[in-house]
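Participant: Questions regarding the structure given below will be posed in turn.
The values are calculated or read from the model by the stated rules, or taken from the named source; none is laboratory data. Being a predicted model, the structure only gives us computed values, none of them experimental. As a convention, Cβ positions derive from the backbone with ideal geometry for all residues, glycine included, and neighbour counts pool all protein chains shown.
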C-alpha cells in the first residue's frame, strides 16, 4: 500500500510539474493582459480626432472664406489649409514634447523630440505624466493622444487668421504661425493640461485651473493673439468707407455647421474615453450652442431690426467657444445660462466694443473667441459641479466651483491674456523686421488670391 501511495504521489507530482513550469509565464502575462488599450475608448478617440481636424479643414476654411470678399476667398482658405500642414510638422518635431512631456512647471522637455519613443509601445495604453504625482492613466495609445492634441494645436493658430484676414503676407503668416505655436501655444498647453503644469498644479495656493477642452489654451489664447495682430497691422484698406460685405454667406453657414458637428469631438472627446463624462460634455455643448445662437439672434433683432444669418452662425460659434472650458464640469441648466451669456456678450463685443475701440478684427477672432473664452472660463468657476471630477482615488470628486475656483479661473485668464499678448507682439515685430507683415495697399486692393497665389475665383 505504501508503495502504491508513493507511486500515486509521484505521478501527481509529475502531472503538476508542467503547470508549475507555466506559472512564471502567467505571472508575466498577467500585467500585460491588464495593460490593454480599450477598444471602445480608442474608437471614440479616433472619431473625435477626425472630427476636430474637420473643424479646421474644411470647417474653419469655409467659415472664414465665406465672410471675406471674393478677391480673398482662396487666400483665406489657403491660410487654414496650409496652417494645418505646417503645424502638423511643428507638433511632430517639438510642439507635442514641449506641451505634454514632464519637464518643469513651465515647459515640457524634449523627450518626445521628433516623437522619439512613441512607437515603442504603439499597441499599449500610456500614462500622461508618468512618474509624477498627477500621473493620469489613459486607455488609448500615446500616438492617438498625440494626434488628438495635434488637432487642437492646428485649429488654435488657424483661428487667429480671422483677425488679420485680407492683409498679411503669406511668408509672414508661415513664420508667425511656427513661432507662435512653439512659444505661445505649447507653453500654455503645458501650464494647463500637463500634470506638471503650474496652473494644473494650482497657482498661488488656489485650486487647479478648470479648462476641460480649451477655453484658455485655445480660445482666449487665439483671441488675444488675434487682437494684437489687428492692432499691430492696422485696419484694412477702405475699412469703414468701402463695402466689405461677405462674398458667400452660404460658405460661412456650411463652415459653421461643420464647426458645430466637429465640436463634439473637441468637447466630448476631451473625456479621452467613451463614458458618461463624454456624454454629458456632448449634451451641454449642444444646449449652450443653441442657446447662444438664439440669444445673439434676438439681441441683433432688437438692436438692428432684423435677425441676420451671419448673426445666428456667429452666435452658435460663440456658444461653442464659451461652453468649451466648462463642458466636462457643468450640468444642462448652467450650460443654458453660459450659452445665453455668450450670445449676448459676444454680440456686443463683435459690434459695439469693436467700433468703440476702433480696431479692425476682420472676422471677429477676438470678439467671439477671446471674449467668449473669457466668459466661459469665468463661468466655469461659478457653475463647476464637483462630482464630475470623481476618480477612483477621489470618488466624491474634488471641490470645484465657488469663490476659490473662480479666483483660480481669473488667474488662468489673466496669465493667458498676458503671455499670449506680450509674446504675440514680440513675434510680430520680429517677423516684420525679417520679411514684413503686410502686403502693400495696391496689392490689398487687388486681393490676396492673385497677388499671393496667382489664382482667382471664376
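Participant: Looking at residue 42, is it in contact with a strand residue (DSSP E or B) (Cβ under 6 Å, 6 or more places away or on another chain), modelled with pLDDT of 50 or more and within 22 Å of residue 115 (Cα to Cα)?
Facilitator: When the stated conditions are applied, residue 42 passes them.
Participant: Taking residue 76, is it under 30 Å from residue 273 (Cα atoms), touching a helix residue (DSSP H, G or I) at 6+ places or on another chain (Cβ under 8 Å), surrounded by 12 or more Cβ atoms within 10 Å (Cβ to Cβ) and modelled with pLDDT of 95 or more?
Facilitator: Spelling it out, it is not the case that residue 76 is under 30 Å from residue 273 (Cα atoms), touching a helix residue (DSSP H, G or I) at 6+ places or on another chain (Cβ under 8 Å), surrounded by 12 or more Cβ atoms within 10 Å (Cβ to Cβ) and modelled with pLDDT of 95 or more.
Participant: While we're looking at this one, here's another question. Given (1) farther than 30 Å from residue 457 by Cα; (2) in a helix (DSSP H, G or I); (3) more than 18 Å from the chain's Cα centre (by Cα), where does residue 72 come up short, assuming only one miss?
Facilitator: All conditions pass for residue 72, except number (1).
Participant: Which residues, taken from the stretch 300-330, are surrounded by fewer than 24 Cβ atoms within 10 Å (Cβ to Cβ) and in contact with a helix residue (DSSP H, G or I) (Cβ under 7 Å, 6 or more places away or on another chain)?
Facilitator: If the condition is that a residue be surrounded by fewer than 24 Cβ atoms within 10 Å (Cβ to Cβ) and in contact with a helix residue (DSSP H, G or I) (Cβ under 7 Å, 6 or more places away or on another chain), then 300, 307, 308, 309, 310, 311, 312 are the ones that fit.
Participant: Return the pairs, sorted by first residue and then second, in which the second residue is surrounded by 14 or more Cβ atoms within 10 Å (Cβ to Cβ) and not in a strand (DSSP E or B), the first residue lies in the stretch 108-132 and is on the phi > 0 side of the Ramachandran plot and in contact (Cβ under 8 Å) with a residue 24 or more places away in the chain, the beta carbons are less than 6 Å apart, and the residues are 6+ apart or on different chains.
Facilitator: Here the result reads 115/92; 129/195, each pair linking the stretch 108-132 to a residue that is surrounded by 14 or more Cβ atoms within 10 Å (Cβ to Cβ) and not in a strand (DSSP E or B).
Participant: Yes or no: the stretch 15-35 includes at least one residue that is at pLDDT below 95 and outside any helix (DSSP H, G or I).
Facilitator: Yes: the stretch 15-35 contains one or more residues that are at pLDDT below 95 and outside any helix (DSSP H, G or I).
Participant: Could you check, for the stretch 268-277, whether at least one of its residues is at negative phi, surrounded by fewer than 21 Cβ atoms within 10 Å (Cβ to Cβ) and out of contact with any helix residue (DSSP H, G or I) (no Cβ under 7 Å at 6 or more places or on another chain)?
Facilitator: yes
Participant: Looking at 212, 239, 247, which one is surrounded by fewer than 20 Cβ atoms within 10 Å (Cβ to Cβ), touching a helix residue (DSSP H, G or I) at 6+ places or on another chain (Cβ under 9 Å) and on the phi < 0 side of the Ramachandran plot?
Facilitator: Only one candidate passes the filter, namely 247.
Participant: Which numbered condition trips up residue 166, out of (1) assigned to a helix (DSSP H, G or I); (2) within 30 Å of residue 354 (Cβ to Cβ)?
Facilitator: Status for residue 166: all satisfied but (1).
Yes/no matrix, rows are residues, columns are (1) assigned to a helix (DSSP H, G or I); (2) surrounded by 22 or more Cβ atoms within 10 Å (Cβ to Cβ); (3) at pLDDT below 95:
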position: 87; (1), (2), (3): yes, yes, no
position: 90; (1), (2), (3): yes, yes, no
position: 97; (1), (2), (3): yes, yes, no
position: 110; (1), (2), (3): no, no, no
position: 145; (1), (2), (3): yes, no, no
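Participant: So, one more: For the stretch 231-341, list the helices (runs of 4 or more DSSP H) that sit wholly inside it and hold at least 2 residues that are under 21 Å from residue 47 (Cβ atoms) and either without any contact (Cβ under 8 Å) to a residue 12 or more places away in the chain or over 24 Å from the mean Cα position of the chain (by Cα) (or both); which are they?
Facilitator: In the stretch 231-341, 276-304 are the helices (runs of 4 or more DSSP H) which contain 2 or more residues that are under 21 Å from residue 47 (Cβ atoms) and either without any contact (Cβ under 8 Å) to a residue 12 or more places away in the chain or over 24 Å from the mean Cα position of the chain (by Cα) (or both).
Participant: Further question on the same structure: Could you tell me how many of the residues in the stretch 197-230 are in contact (Cβ under 8 Å) with a residue 12 or more places away in the chain and either within 24 Å of residue 65 (Cβ to Cβ) or in a helix (DSSP H, G or I) (or both)?
Facilitator: Of the residues in the stretch 197-230, 23 are in contact (Cβ under 8 Å) with a residue 12 or more places away in the chain and either within 24 Å of residue 65 (Cβ to Cβ) or in a helix (DSSP H, G or I) (or both).
Participant: I've got another one for you. Output the residues belonging to the stretch 183-195 that are buried (at least 24 other Cβ atoms within 10 Å of the Cβ) and either in contact with a strand residue (DSSP E or B) (Cβ under 7 Å, 6 or more places away or on another chain) or not in a helix (DSSP H, G or I) (or both).
Facilitator: Within the stretch 183-195, 194 is the sole residue that qualifies.
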